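Undergrad: I have a structure here, written as structure tokens, and I will follow up with some questions on it.
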Amino acid sequence: MKSELAEDVSFILFLLPLIITGGYLLFASSIASGYNTDIYLSITRDPIIFMISILAISVGTLVEIYSNPLSLREKKLEINARRMQWLAGITFLTSGVAAWVSLGGSATLPAFLGLFLTARFPLIYSVLLAVLSIVLTLQFKIPSTESSLVVNSSSVIILLLAPVSFLVGTTAQLPFALVVTVSVALLAVGIGLFAQANKTWFGTEKPL
């Protein structure tokens, strides 16, 4: 994939969670003839939106890594880490504003916090992005002596298991804390392994 095309694809993937959430908000508000707490919770507690958001960020990061030469990959990871941190902050703030507006803009602090914490997904998503940004940048600072196709393939499988475990766990109504812990752990380990494998697997540049 050409670098310019990869940049466009990655940029769109990073914006995809905001696009989907905003589109869903406008659609739901138009049907309900207004915006309220029910709409806010239906969006912020939707596991499909949560899964798509996680996958979009993961794929966007991996596109950036593999579409650039070895000499630029560490820099690209740092750029993507900053993107994740900005997106985490934007998600946290916009979700807070959305919760406040859904309450009419005049709710008490306990009511606001209760609604915001009930939503869960924006907070979890923000924390997840912050953690992933740290994991990605650390991978290129940790020395590594070996990497193989097995490690690379395993990382992809682990990445796919993260959203699947979340969907299965929530569908089976397992304890929410357990489901989130397992999903976040799988995602962090998967991306960490992928970044580490990329660092060592492509240890030398191919001559032109």
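Undergrad: Keeping to segment 23-46, report how many residues are surrounded by 13 or more Cβ atoms within 10 Å (Cβ to Cβ) and in a helix (DSSP H, G or I). Steps first, please.
TA: Looking only at segment 23-46, we keep the residues that are surrounded by 13 or more Cβ atoms within 10 Å (Cβ to Cβ), and these are 24-25, 28-29, 35-37, 39-46.
Keeping just the survivors that are in a helix (DSSP H, G or I) gives 24-25, 28-29, 37, 39-44.
The number of residues fulfilling the criteria is 11.
Undergrad: Can you go through 106, 95, 58, 133 and tell me which one is of a type in the set (Gly, Ala, Ser) and modelled with pLDDT of 90 or more? It would help to see each step written out before you state the result.
TA: Details: 106 fails: modelled with pLDDT of 90 or more; 58 fails: modelled with pLDDT of 90 or more; 133 fails: modelled with pLDDT of 90 or more.
Being of a type in the set (Gly, Ala, Ser) and modelled with pLDDT of 90 or more holds for just one of 106, 95, 58, 133, which is 95.
Undergrad: Given the criterion among the hydroxyl-bearing types (Ser, Thr, Tyr), modelled with pLDDT under 80 and under 22 Å from the mean Cα position of the chain (by Cα), identify the matching residue among 144, 154.
TA: On the way: 144 fails: under 22 Å from the mean Cα position of the chain (by Cα).
Going through 144, 154 in turn, the sole match is 154.
Undergrad: Now for a different question. Just for segment 170-182: of the residues that are assigned to a helix (DSSP H, G or I) and modelled with pLDDT under 80, which one is surrounded by the fewest Cβ atoms within 10 Å (Cβ to Cβ)? Quick ask: steps written out before the conclusion?
TA: Of the residues in segment 170-182, the ones assigned to a helix (DSSP H, G or I) are 170-171, 176-182.
Narrowing further to those that are modelled with pLDDT under 80: 170-171.
Working: 170: 17, 171: 10.
Among those residues, the one meeting the criterion is 171.
Undergrad: For residue 94, all conditions in the list (1) under 19 Å from residue 55 (Cβ atoms); (2) surrounded by fewer than 20 Cβ atoms within 10 Å (Cβ to Cβ); (3) among the β-branched types (Val, Ile, Thr) hold save one; what is the number of the exception?
TA: Residue 94 satisfies all of (1) under 19 Å from residue 55 (Cβ atoms); (2) surrounded by fewer than 20 Cβ atoms within 10 Å (Cβ to Cβ); (3) among the β-branched types (Val, Ile, Thr) except (1).
One line per residue, one yes/no per condition, for (1) at pLDDT 85 or above; (2) over 13 Å from the mean Cα position of the chain (by Cα); (3) small (Gly, Ala, Ser):
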| residue | (1), (2), (3) |
| --- | --- |
| 5 | no, yes, no |
| 11 | no, yes, no |
| 15 | yes, no, no |
| 19 | yes, yes, no |
| 37 | yes, yes, no |
| 42 | yes, yes, yes |
| 45 | no, yes, no |
| 50 | no, no, no |
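Undergrad: Would you check if residue 71 is modelled with pLDDT of 80 or more, part of a helix (DSSP H, G or I) and hydroxyl-bearing (Ser, Thr, Tyr)?
TA: Working: modelled with pLDDT of 80 or more: no; part of a helix (DSSP H, G or I): yes; hydroxyl-bearing (Ser, Thr, Tyr): yes.
Against the criterion (modelled with pLDDT of 80 or more, part of a helix (DSSP H, G or I) and hydroxyl-bearing (Ser, Thr, Tyr)), residue 71 does not qualify.
Undergrad: Another question about this same structure. If residue 208 satisfies every condition in (1) modelled with pLDDT of 70 or more; (2) over 29 Å from residue 117 (Cβ atoms) but one, which is the exception?
TA: Result: residue 208 passes all but (1).
Undergrad: Checking the condition over 26 Å from residue 158 (Cβ atoms), in a helix (DSSP H, G or I), under 19 Å from the mean Cα position of the chain (by Cα) and not acidic (Asp, Glu), which residue from 61, 94 passes? Before the answer, list the steps.
TA: Values: 61 fails: over 26 Å from residue 158 (Cβ atoms).
Result: 94 is the single residue among 61, 94 that is over 26 Å from residue 158 (Cβ atoms), in a helix (DSSP H, G or I), under 19 Å from the mean Cα position of the chain (by Cα) and not acidic (Asp, Glu).
The values are calculated or read from the model by the stated rules, or taken from the named source; none is laboratory data. Everything numeric here is computed off the predicted structure, so don't read it as measured data. Virtual Cβ from ideal backbone geometry, glycine too; neighbours counted across all protein chains shown.
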